[in-house]
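Taken together, the values in this text are just the output of simple stated rules run on the coordinates, not laboratory data. The model shown is predicted, which means the values in this text are computed figures rather than measured ones. Heads up, the Cβs are rebuilt from the backbone with ideal geometry, glycines too, and the neighbour counts pull from every protein chain shown.
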Amino acid sequence: MANNDSSKGVPAQRLAFGRRLRALRTRAGLTQTAAAAAAEMDRSFYAEVEAAIHSVSVDRIPALARALGVEPYELFQDAPAGLAGDR
């Protein structure tokens, strides 16, 4: 995996994490506002994590996982087939 998206200078792993986060949120049937509230995060910050503008600290991973109804490790896996938002 490349380290950066060459057009934006965004780390590829940050892009992938944001896509997985969006896919899991969509699968859970949550809006960004609902997911952010459940994870006790500001909605605009949550949206910027999905958009790969910001990354989250490791301290926020458990709260994000709980909000999305998944185990923390699932936030870092390639999205299974059929998960929306993977592309």
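Listed values, structure above:
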| item | result |
| --- | --- |
| Gyration tensor over alpha-carbon atoms, segment 22-63, equivalent ellipsoid semi-axes in Å | 15, 12, 10 |
| Which of Leu21, Thr33, Pro62, positive extreme of dipole for segment 14-70 (C-beta unit charges) | Leu21 |
| Label-point separation in nm, Tyr73 to Ala51, each point 7 Å along Cα→Cβ | 3.3 |
| Extension gain, Ala16 back to Thr31 (0.36 nm per residue minus Cα-Cα distance, nm) | 3.5 nm |
| Residues with amide H under 5 Å from that of Val10, placed H, sequence gap 5 or more | Asp5 |
